[in-house]
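> Right, I'll just put the structure down here and ask away after.
The values are calculated or read from the model by the stated rules, or taken from the named source; none is laboratory data. On a predicted model such as this, the values are computed, not experimentally measured, just so you know. SASA here: full protein model, heavy atoms, side chains in, ligands and nucleic acids out. Shrake-Rupley method; radii C 1.70, N 1.55, O 1.52, S 1.80 Å.
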Amino acid sequence: VAAANAAARAAGPSVAAALPDLDAAAALDGEGAAWEETVRSEADLLFECLQLMFLGRSKVASVPRVAAFCKRIAEAALHWPPRTAVRAIDFIQRLLVKYPAIDCLLSSDEQAGSGLYLRDLDDPDMCNPMATCLFELHWLQIHHDASVQAAAARLLAHARAEAKKHRL
């Protein structure tokens, strides 16, 4: 924190004035509450943008693009703070409701695509997301936070209920 503040001051007064005082933010709470607030505000922006991209538009996004973002959000949720991970799981559930074609991501038995999922590809349409599944949801069911566990279990239960409904 001190090194970041020193670097900002060395870059000039205009840069130092534009950046928040990290020493003050760190001193607010030794437990990391200031960091959590920053993460929460960044998460708000992220989910607002994703909402506009995939759920708020009248134009429907391509299925491979939605599946790729769904997979990437699930991967990221493994590393996010609990509140952000719960929001990610809820967002994935809303995507599954709006785009039923990506339900195949919840099953390891079916593959809508062949080949390999290429997670490091920059273009989400070309990474072949239909060749994988959302196994991260099973990891999230054993997350250290109970709210994340409950959200993941709720999503998987919803997926099982939808699968039964479609089989009947």
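> In square angstrom, rounded to the nearest 10, how much accessible surface does SER107 have for a 1.4 Å probe?
30
> What's the carbon and sulfur percent of the stretch 70-109's accessible surface, probe 1.4 angstrom, rounded to a whole number? Before the final figure, lay out the partial values.
Details: 890 of 1610 Å².
Ligands and nucleic acids excluded, carbon and sulfur reach 55 percent.
> How large is the convex hull of the Cα atoms of the stretch 113-168 per residue, expressed in Å³ as a whole number?
Numbers: hull volume 6.1 nm³, N = 56.
Taking the convex hull of the Cα positions in the stretch 113-168, it is 110 Å³ per residue.
> Also, I was wondering about something else. Using the reciprocal of the averaged 1/r over all distinct C-alpha pairs, how large is the Kirkwood radius of the stretch 43-128 in Å? Don't jump to the answer; show the numbers that get you there.
On the way: mean 1/r = 0.0740 Å⁻¹.
Mean inverse Cα-Cα distance, inverted, gives 13.5 Å.
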